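First the structure, which I've put down as structure tokens, then a few questions once you've had a look.
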Amino acid sequence: MEKIQLICIGCPMGCPMTVEMEDGKVLSVTGNTCKRGDIYARKEVTAPTRVVTSTVRIEGSETGAVTVPCKTKSDIPKKDIFNCMQELTGVTVKAPVHIGDVLVENVAGTGVDVIATKDIQ
Amino acid sequence: MVDVVIIGAGVSGCAAARWLSRYRINVLVLDKEEDVCCGTSKANSAIVHAGFDAKNGTLMAELNVRGSEMMEQLSVDLDFAYKRCGSLVLCLDENDRDKLNALYENGVKNGVKDLRIIEREELVGMEPNVSDNAVAALWAPTGAIVCPFGMTLAFAENAAANGVQFRFDTEVKKLERTEKGWKIETNQGTIEAKAVVNAAGVYADLFHNEVCEDKIHITPRRGDYLLLDHTASGFVTHTVFQLPGKFGKGVLVTPTVHDNILAGPTAIDVENREGTNTTAEGLADVMKKAGFSVKNLPTRQTITSFAGLRAHEDGHEFIIRESAEDFFDCAGIESPGLSSAPAIGERVASLMQAKYGWEEKKDFIDKRKGILDPKTLSREEWNKLIEKEPAYGQIICRCESVTEGEILDAIRRPLGAKSLDGVKRRTRAGMGRCQAGFCSPRVMEILSRERKVPLSSITKNGKGSELIVGVAKDVYEEVRHEA
Amino acid sequence: MKHDLIILGGGPAGLAAAITAYDAGLRDILIVERDKELGGILNQCIHSGFGLHTFKEELTGPEYAARFIAGVKERKIPYVLNTMALHVSPEKEVTLMNRTDGVQTVKAEAIVLAMGCRERSRGALNIPGYRPAGIYSAGTAQRLVNIEGFMPGREVVILGSGDIGLIMARRMTLEGAKVKVVAELMPYSGGLKRNIVQCLDDFGIPLKLSHTVVDIRGQKRVEGVTIAAVDEHNKPIPGTEEEYDCDTLLLSCGLIPENELSREMGVSINPVTSGPVVNESLETSVPGVFAAGNVLHVHDLVDFVSEEAGAAGRAAAEYVLAGSVDAERNEIPVKFEGGVRYTVPAKIDPKFVKEAITIRFRVGAVMKNRIVSVWMDGEQVSKKRRQIMAPGEMEEVKLTREQFDAHPDLKELLIRVEEV
């Protein structure tokens, strides 16, 4: 059996939680004060994910912008964060770009697209 | 071969250059930094001493009084910020009245005009925040405040307009006597000159001792300061000194020409000639001692703290003389060096002229225009200016309301700014309460555009102080190349 | 030149105020923005986490701003960019300047102050040491990285664990820097737990509470900093110094409302918040001048800025549309006890409260298991339990018109925080 210590991110309480696991399955979550802690802990120990935000280069902007901010359209596995960054490196797009435009498809093989988060003329 | 090489582009070197530029000679100013005014001249009390403090009969006293007398007209001719706010020396203990009287007597002997001892009642009327312990004060209406960067730049730019050359990032390595004068080895090659002026500030003893039999010794004496925001403006309206007393020489609290309040300095002897780091103890000392002079100094309004090094020579006297054949010292220039600067320049020039008999220029330019501050214009004039040059309608530094027009002027004029600090000293962009947090990326962009260099080469104050180190994600590029 | 309403600032507060003022019937509105685009600081806050309250989804800063910018554009509310408000007089004459129109004075019936805040600088923190390149406020670094696409440094120490500092720890790490440590003067972080986990723990960045920077090395560029533990008076403890080699020090040590223009026009400032003292309508001590967002008090969530600014915009519109009626005001102060540091608004005239009013406040220390109660003339009118309250989290209580109606001739309004 494996014990994993976690801090809950649900609220400022920051409950210190202990998750007991065996064979990749969660046996118990303790230390949490509410249901949100339990849900967070189970996800965090089995399949932690994050939304990654960054920027890519943009050319031809009327307003002189040199970067366009972007994000993964949904959360991606935590282990793929740096792979995602690696793949954004050297990407240059052409203005105009609109919020939601796909800048990189299926980033780092996660099945998730990276999309623009700002309109750039 | 030039006629004169001046080592050091601080206020003394620039003053010497300005007064030497009256003659039909070639003058070259060298500085190891990237700009004028990078050492002691940029970090000091920014005051013009009336001249009562320096011991009667000394060169310090003579040049202080003379410099102070010259400065007002110079500030008009050369267009730098100067304000005759008057100064007060507080007597904080009845038992110290003798010292106050002695200071008065010394001042009278030095020729300081309009000195008067005032009693507490009058003092409180002039400075309502003065300490409850202040019993009397020496009132010197001729005391003043000045922008030290403004004055140094004015001397330098005026000198340049009269043909003086400046070479920066040029560090003098070695001085060698030749038949005709001096061979000056620098990190940028060798220069020959008929005469050398040593205005090297805290390094002046090194050059002196290299070529002179008699030795001098300069100790860098650090002074820590606190600078308060405009919101503290009016807290004091005169330069407020303390009589030297049981707590040592004391610190001053003064308005600045730009409506800040300045408190300091400490006096801490250090080894490092570049040791301009403040310390917690030093800053605490300033706050404590300022508290002897004034009540409730609003230190919460502090926008920055800094330290400067005074070039303290063991004899505590200005050394301005031909110390070796064709080698003119301008050494030991500590307080009241800033106040004396015009007189120092004048003295160095006249000493040299007496020896070499140079001819005066007929076309000497005795006036200089500083960077136009549009806030000093009428609405109509400002709008005309914007119409002609729209950059004067774009604020870059919000705290100090500095326009792009002023920054462009600072960069484009002769001896123009090359770095953030260079722009700051010329325009005040970045000197306000946010301390360049907002304007630095914008000033960097302007510098990069104007100087046609990549942003990555823009520095805070010269080589080695680059502000950015690369582009985002560049480490991943390296990984990719390696792979 | 004259406008019914001038809004100083085109960030989240200014945009929200413009939209509600318009929707309340005002048409002659001008938003004044000093930057080259609307959206304010949100443009450089490219991380996600905005809008959960307002839009029930997690947006990045630019996306959140875009929704409000769209609202302004749909309504065709006029705005000027690259325009600085140089002065504002007590008579509500605003002096504006830009490259095309020069300097001009515009009279306003009403003004909404929405200038936001600035970061506390190194100087204000009195950190001793050298003054080399490589010391940046977190926000300046954020702009350099996110907008300009540059790296301000490779090896980074961060002082201050507010959310901006934490967010920048992650941003710098992702973009290729090594963040060595985050030091926090207080014994707690002012940042969200989520940010501590996802911005520091995810990348193994240590957080040192009750620590501060006591020295900065390097004459030209930062070469290192010294960090020391502090005692309960926040004084460094000798012997606890640790040296960190780094080329960059980021400062995230608090935000200060930018009220220079407000002061100039005679607006009373609350020394606790450094923002204007406002009444139930978010009106300052100068009639017809309203304030909202970070210029009023520093917020941690932009959603609340938008909500607050919406209320200020409505109130400003009503002020203009009502014409110059000098209604007699009968204000009572909002009293507080039990660790509350301030409230916004600080005073209320009950007869001007609409359907409901939100009173926002902060506490001065981390407190667990508290009851927040509201008392009107000695009678408890509401209470709620809070498992935890922290200085970094803005609190609020809502009071309804009915509650005020039930207490005619109200003399005392009290917010009390007490242990369970």
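Anything in the stretch B:433-483 that is under 22 Å from A:Ser54 (Cα atoms) and assigned to a strand (DSSP E or B)? List them, or say none.
B:Gly470, B:Val471
Within the stretch C:149-167, does at least one residue satisfy the condition of being in contact with an Asp or Glu (Cβ under 9 Å, 6 or more places away or on another chain), assigned to a helix (DSSP H, G or I) and at the interface with chain B (Cβ under 10 Å from one of its Cβ atoms)?
The answer is no; no qualifying residue exists.
Right, next: Among the residues of the stretch B:406-437, write down those that are touching a Lys or Arg at 6+ places or on another chain (Cβ under 6 Å) and either more than 14 Å from chain C (Cβ to nearest Cβ) or over 21 Å from B:Cys38 (Cβ atoms) (or both).
If the condition is that a residue be touching a Lys or Arg at 6+ places or on another chain (Cβ under 6 Å) and either more than 14 Å from chain C (Cβ to nearest Cβ) or over 21 Å from B:Cys38 (Cβ atoms) (or both), then B:Ala410, B:Ala417, B:Cys434 are the ones that fit.
So which strands (runs of 3 or more DSSP E) stay within the stretch B:266-339 end to end and still have 2 or more residues that are touching a helix residue (DSSP H, G or I) at 6+ places or on another chain (Cβ under 6 Å), at pLDDT 95 or above and within 14 Å of chain C (Cβ to nearest Cβ)?
Passing ranges, in order: B:302-313.
Now, a different point. I'm trying to understand the selection: among the residues of the stretch C:182-202, which are of a type in the set (A, V, I, L, M, F, W, C) and either over 28 Å from A:Thr67 (Cα atoms) or surrounded by fewer than 21 Cβ atoms within 10 Å (Cβ to Cβ) (or both)?
C:Ala183, C:Leu185, C:Met186, C:Val197
Of all residues in the stretch C:6-64, which are within 22 Å of C:Met84 (Cβ to Cβ), among the charged types (D, E, K, R) and out of contact with any Asp or Glu (no Cβ under 8 Å at 6 or more places or on another chain)?
Once the filter is applied, which keeps residues that are within 22 Å of C:Met84 (Cβ to Cβ), among the charged types (D, E, K, R) and out of contact with any Asp or Glu (no Cβ under 8 Å at 6 or more places or on another chain), the stretch C:6-64 yields C:Glu33, C:Arg34, C:Asp35, C:Lys36, C:Glu37.
Still on this structure: Can you name the number of the only condition in (1) crowded, with 22+ Cβ neighbours inside 10 Å; (2) over 18 Å from the mean Cα position of the chain (by Cα); (3) among the aliphatic types (A, V, I, L, M) that C:Ala327 fails?
(1)
Can you tell me which residue among B:Lys375, B:Lys384 is surrounded by fewer than 19 Cβ atoms within 10 Å (Cβ to Cβ), within 10 Å of chain C (Cβ to nearest Cβ), assigned to a helix (DSSP H, G or I) and within 26 Å of the chain's Cα centre (by Cα)?
Selected residue: B:Lys375, the only one of B:Lys375, B:Lys384 that is surrounded by fewer than 19 Cβ atoms within 10 Å (Cβ to Cβ), within 10 Å of chain C (Cβ to nearest Cβ), assigned to a helix (DSSP H, G or I) and within 26 Å of the chain's Cα centre (by Cα).
Then there is this: Determine which single condition B:Leu63 fails, assuming it passes every other condition in (1) touching a helix residue (DSSP H, G or I) at 6+ places or on another chain (Cβ under 7 Å); (2) under 18 Å from B:Ile145 (Cα atoms); (3) not in a helix (DSSP H, G or I).
Just one mismatch for B:Leu63, condition (3).
Show me the helices (runs of 4 or more DSSP H) found entirely inside the stretch C:45-146 where at least 3 residues are of a type outside the set (Asp, Glu) and at pLDDT below 95.
Hits in the stretch C:45-146: C:52-55, C:122-125.
Tell me which of these C:Arg171 doesn't satisfy, since it passes every other one: (1) over 21 Å from the mean Cα position of the chain (by Cα); (2) touching a residue at least 40 places away in the same chain (Cβ under 8 Å); (3) within 12 Å of another protein chain (Cβ to nearest Cβ); (4) assigned to a loop (DSSP other than H, G, I, E, B).
All conditions are met except number (4).
Moving on to the next point. I need a count of the residues in the stretch A:38-62 that are of a type in the set (Gly, Ala, Ser), more than 11 Å from chain C (Cβ to nearest Cβ) and crowded, with 18+ Cβ neighbours inside 10 Å.
Summing the residues that are of a type in the set (Gly, Ala, Ser), more than 11 Å from chain C (Cβ to nearest Cβ) and crowded, with 18+ Cβ neighbours inside 10 Å in the stretch A:38-62 gives 1.
Yes or no: the stretch C:388-396 includes at least one residue that is more than 14 Å from chain A (Cβ to nearest Cβ) and buried (at least 18 other Cβ atoms within 10 Å of the Cβ).
No, the stretch C:388-396 contains no residue that is more than 14 Å from chain A (Cβ to nearest Cβ) and buried (at least 18 other Cβ atoms within 10 Å of the Cβ).
Hey, could you check the stretch B:424-449 for residues that are among the polar types (S, T, N, Q) and closer than 21 Å to C:Cys117 by Cβ and say which is modelled with the lowest pLDDT?
B:Gln435
Might you let me know whether the stretch C:95-109 holds any residue that is among the small types (Gly, Ala, Ser), more than 7 Å from every other protein chain (Cβ to nearest Cβ) and in contact with an Asp or Glu (Cβ under 6 Å, 6 or more places away or on another chain)?
No, there is no match, as no residue in the stretch C:95-109 is among the small types (Gly, Ala, Ser), more than 7 Å from every other protein chain (Cβ to nearest Cβ) and in contact with an Asp or Glu (Cβ under 6 Å, 6 or more places away or on another chain).
Return the residues of the stretch B:41-60 that are of a type in the set (S, T, N, Q) and either outside any helix (DSSP H, G or I) or without any contact (Cβ under 8 Å) to a residue 12 or more places away in the chain (or both); say none if nothing qualifies.
B:Asn44, B:Ser45, B:Asn56, B:Thr58
For a quick check of your reading of the model, give me the residue pairs whose first member lies in the stretch A:72-98 and is more than 14 Å from chain B (Cβ to nearest Cβ), whose second is acidic (Asp, Glu), with beta-carbon atoms closer than 6 Å and at least 6 apart or on different chains.
As it stands, the answer is A:Lys73/A:Asp113; A:Lys94/A:Glu59; A:His98/A:Asp119, since those pairs meet every condition given.
Here is a follow-up. Quick check: anything in the stretch B:446-458 facing chain C (nearest Cβ under 10 Å) and touching a Phe, Trp or Tyr at 6+ places or on another chain (Cβ under 9 Å)?
For the stretch B:446-458, residues facing chain C (nearest Cβ under 10 Å) and touching a Phe, Trp or Tyr at 6+ places or on another chain (Cβ under 9 Å): present.
The values are calculated or read from the model by the stated rules, or taken from the named source; none is laboratory data. Since this is a predicted model, take the numbers as computed values, not measurements. Please note: Cβ atoms are built from the backbone with ideal geometry, for glycine as well, and neighbour counts cover all protein chains shown.
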